[in-house]
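Heads up, the thing below is written out as structure tokens.
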Amino acid sequence: MKRDYEKNENNEINEKYRIFRFFRNISWPRLLAFASAIIGFALFIYVINRTGLTEIRTRVNSLGAGFLLILAVSSVRYISRSFAWMRCMAPADRKVGFWSLWRARLAGEAIGDLTFGPVVAEPMKLVALGDRVSLSSRISSLTVENIAYAVSCCLMIMAGTIALMATFSLNESLSSALFIAIGVMTVSTVLAILIISRRWRLVSGIAAKIATVLSGWVPKRLPGWLIDKVRHLRTLEDYIFDFYTKRPVDFLLVVLCQVAFHLAGTVEIFVAMKMIGSELTFATAFMLEALNRAINIIFIFVPALVGVDEAGTGLVTGALGFGVASGVTLAIIRKIRMFFWIGIGLLFLLGDRTKAVVTSEVAIKDRTDMQ
């Protein structure tokens with residue numbers, strides 16, 4: 001009987017250990033992405049049902065061949081940021097070519113849109129680019145371009161929300177949300193400018209402090225590893241600081257690329273809204289694009305922005321007097337456009353993977369023949 005008791009106790013311990021091991025092995029970013037996708041999909045169904053599927057289908061069908069124009073306009077966004085990425089590279093590394101960067105960007109963003117946003121997209125771009133450029137150059141140039149994009153988004157959101165509040169009479173809750181957005185974007189922009197202009201080494205400085213603290217009570221290997229990473233972070237920070245302070249021509253071209261990106265987004269909204277029967281000015285399209293950037297940033301972890309884009313855009317267009325249906329239809333048009341480019345990116349990724357496998361098989365065959 002005692003043996004049976006011990007056996008049951010061991011089984012209970014093993015069961016608890018299996019549960020612990022299950023939770024330990026969970027990839028929390030994947031779990032969060034999955035949960036976000038479920039919630040977003042439920043919100044998407046709710047918004048579609050409230051708006052009316054028939055009305056949305058009628059408006060989307062009214063695009064016809066005009067959807068090709070929307071695709072053409074949206075391509076400018078990928079082209080402009082790919083060119084900006086190339087200008088952020090050192091001149092010697094630009095031999096990689098524009099089209100390789102464009103393919104890598106599409107492949108990375110395709111995976112990011114379907115999963116956990118930039119947490120997955122940015123490393124995937126580096127992987128998709130391959131060894132055509134050194135890893136340090138890939139990381140440095142992509143970081144510089146992402147900083148430029150982030151600051152441009154902050155400025156875009158600030159300008160759009162200020163114009164929106166000055167032009168339209170908004171309800172109190174929406175006005176409060178816009179005031180908060182302006183405050184956050186202003187602080188973020190000023191902080192980024194100060195860090196770059198004064199060469200504040202925040203990231204490497206924090207990492208160095210952590211290495212110093214850990215050196216007293218952990219194995220020597222870990223602080224040594226951290227110190228090596230601190231050295232790499234300082235090199236990266238120097239590259240960022242030098243780009244913005246010592247390469248004015250490249251900096252200007254990157255700024256123009258970011259302007260082209262946001263301008264293309266504004267044109268896309270203007271054209272799409274006109275095609276579905278909503279009369280608006282180009283200035284109003286600019287305001288809607290600014291709010292769309294804010295939605296993209298706030299809900300960046302939601303795969304393909306399912307549900308939140310439809311709900312957010314519908315709320316804004318309803319408040320501006322264009323009707324909720326116009327906003328929901330606009331978001332669905334953007335979703336169709338997004339999945340078109342996701343498909344292109346996945347094809348590029350598959351092509352690169354197939355090419356890598358073929359190259360590896362040829363190399364193995366050559367080595368076998370030589371033996």
Please verify whether region 272-282 includes one or more residues that are in contact with a Lys or Arg (Cβ under 9 Å, 6 or more places away or on another chain) and in a helix (DSSP H, G or I). yes
Might you let me know whether region 264-280 holds any residue that is in contact with a helix residue (DSSP H, G or I) (Cβ under 9 Å, 6 or more places away or on another chain) and more than 25 Å from Asn61 (Cβ to Cβ)? no
Taking the condition over 30 Å from Ala90 (Cα atoms), in a helix (DSSP H, G or I) and at pLDDT below 90, does Leu129 pass? no
Exactly one of these conditions fails for Ala311: (1) among the hydrophobic types (A, V, I, L, M, F, W, C); (2) over 27 Å from Glu172 (Cβ atoms); (3) at pLDDT below 90. Give me its number. (2)
Only one of Val96, Val120 is of a type outside the set (Gly, Ala, Ser), over 16 Å from Phe261 (Cβ atoms) and in contact with a Gly (Cβ under 6 Å, 6 or more places away or on another chain). Can you tell me which? Val120
Odd one out for Gly345 among (1) in contact (Cβ under 8 Å) with a residue 24 or more places away in the chain; (2) under 18 Å from Asn61 (Cα atoms); (3) of a type outside the set (A, V, I, L, M, F, W, C): (2)
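Rundown of residues vs (1) surrounded by fewer than 20 Cβ atoms within 10 Å (Cβ to Cβ); (2) more than 24 Å from Leu263 (Cβ to Cβ); (3) more than 16 Å from the chain's Cα centre (by Cα); (4) free of Cβ contacts under 8 Å to residues at least 40 places away in the same chain, yes/no style:
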{"position": "Cys88", "(1), (2), (3), (4)": "no, no, yes, no"}
{"position": "Asn146", "(1), (2), (3), (4)": "yes, no, no, yes"}
{"position": "Gly160", "(1), (2), (3), (4)": "no, no, yes, no"}
{"position": "Ser173", "(1), (2), (3), (4)": "yes, yes, yes, yes"}
Of residues in region 322-335 being of a type in the set (Val, Ile, Thr) and farther than 17 Å from Val267 by Cβ, the one surrounded by the most Cβ atoms within 10 Å (Cβ to Cβ): Thr329
Looking at Ala128, Ala107, Ala121, which is the one that is within 26 Å of Tyr239 (Cα to Cα), surrounded by 14 or more Cβ atoms within 10 Å (Cβ to Cβ) and free of Cβ contacts under 8 Å to residues at least 24 places away in the same chain? Ala121
Condition first: surrounded by 12 or more Cβ atoms within 10 Å (Cβ to Cβ) and either modelled with pLDDT under 90 or β-branched (Val, Ile, Thr) (or both). Now tell me which residues in region 195-205 satisfy that. Ile195, Ile196, Val203, Ser204, Gly205
Given (1) under 28 Å from Val120 (Cα atoms); (2) crowded, with 19+ Cβ neighbours inside 10 Å, identify the lone condition not met by Thr284. (1)
Residues within region 148-157 that are surrounded by 18 or more Cβ atoms within 10 Å (Cβ to Cβ), of a type outside the set (Ser, Thr, Tyr) and touching a residue at least 40 places away in the same chain (Cβ under 8 Å), tallied: 5
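The values are calculated or read from the model by the stated rules, or taken from the named source; none is laboratory data. Model, not experiment: these values are computed from the prediction. Positions of Cβ are backbone-derived with ideal geometry, glycine not excepted, and every protein chain shown enters the neighbour counts.
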